[in-house]
Amino acid sequence: MLSATIPSSYRKIRTATLALTACALLVTLAALPARAATPNVGDKAPDFALKTPEGKSVSLHGLLKKGPVVLILLRGYPGYQCPYCQRQAHDFQVNAEKFADKGVQLLLVYPGPAADLGEHAKEFLNGYEKLPTNYHLVLDPDYAMTRAYDLRWDAPRETAYPSTFVLNRNGVVTYRKISHTHGDRTTADEILGEFGKAI
C-alpha cells in the first residue's frame, strides 16, 4: 500500500514545485527592465526628461503637447567640440523659425560624461545670442537617454551615434536616420521636407 501512494504523492509535489518555479521565473522576468531599443518608424518614442545647461527640465512628452518634435542626438562632448555637431546645430538654429511656422519643436540632446558637461554645452552654444523658443538643447549626463535609445557609440573618444528622429504629435516616429560616421548628418532643409509629407 505504501509503495502505491509514494509515486502519486511524489507527482503532486513535483507538479507543485514546477508550478512555483515557473511563477518565480515569470515574476523575475517581469521585474527586469526592458532591453533598450532604438525606435523604428511606426514606434512610439520613449519619453525622457533632461535638463538644459541652465538647469531647466525639458521632457519629450511636454514638447509633444505643443506639436511634432524633431529629436536630434548629437555626439556631445567626446573630449572636444565636434565640428559636425556644431554645423548641424547651427543649421537647425538658423532655420528654427521655418520649423516654428509649422508648429515644430526642435530638441537637441548633448551627451557626455557628467563631469563638466553643462560647461561644455555652454561652450558649444557660445556665439548663440538667444536660442529660438522652439529650439531646446538638453544634457544627457552619463548617456542615460543615449543608452535608453540604444545609441551609445561605445568606443574610445566616442559618445553616441548621431541620429535624427521626426515624431508626430502622438510621439510616433515618422522618420529616422542613424549615422555610424561623424559627418553623415541630416540638414534642416531635408527635415523640413519631411513636414511636406503626411506625418
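How much net charge surrounds T133 when only the other residues with a Cβ under 11 Å from the Cβ of T133 are counted, with Lys and Arg +1 and Asp and Glu -1? In short, +1. With a cut-off of 15 Å between beta carbons, the residues surrounding P113 carry a summed charge of -3, where Lys and Arg count +1 and Asp and Glu -1.
Between the alpha-carbon centres of region 42-69 and region 109-141 there is a gap of 15 Å.
Working from Cα pairs under 8 Å separated by at least six residues, relative contact order for region 49-194 is 32 percent. The alpha carbon gyration tensor of region 54-134 gives principal lengths a ≥ b ≥ c with a/c of 1.5 or higher and a/b greater than b/c, which makes the shape prolate. Once you order the gyration tensor axes a ≥ b ≥ c over the Cα atoms, which shape class does region 49-194 get: rounded for a/c under 1.5, otherwise prolate or oblate by comparing a/b with b/c? Because its axes are fairly even, with a/c under 1.5, region 49-194 counts as rounded. Overall, the ratio between the Cα radius of gyration of region 116-160 and 2.2 N^0.38 Å, rounded to two decimals, is 1.36. Could you pull out the pairs from K98/K122; K44/K65; K122/K177; K44/K122 whose alpha carbons sit more than 22 Å apart here? The answer is K98/K122; K122/K177; K44/K122. Within the shell of other residues whose beta carbon sits under 15 angstrom from the beta carbon of G67, the net charge comes to +2, with Lys and Arg scored +1 and Asp and Glu -1.
A simple packing score, the average count of other Cβ atoms within 10 Å per residue, orders the peptides 118-125, 55-62 as 118-125, 55-62, with the highest score first.
Note on K102: aspartates and glutamates with a C-alpha under 18 Å away, same-chain residues under 8 apart excluded, are D91, D189, E190, E194.
Values quoted throughout were computed directly from the atomic coordinates according to the rules given, and no laboratory measurement underlies them. Since the structure is predicted, the reported quantities are computational estimates derived from the model, not experimental observations. When we count neighbours, we look across all protein chains shown, and the Cβ atoms used for this are built from the backbone with ideal geometry, even at glycine.
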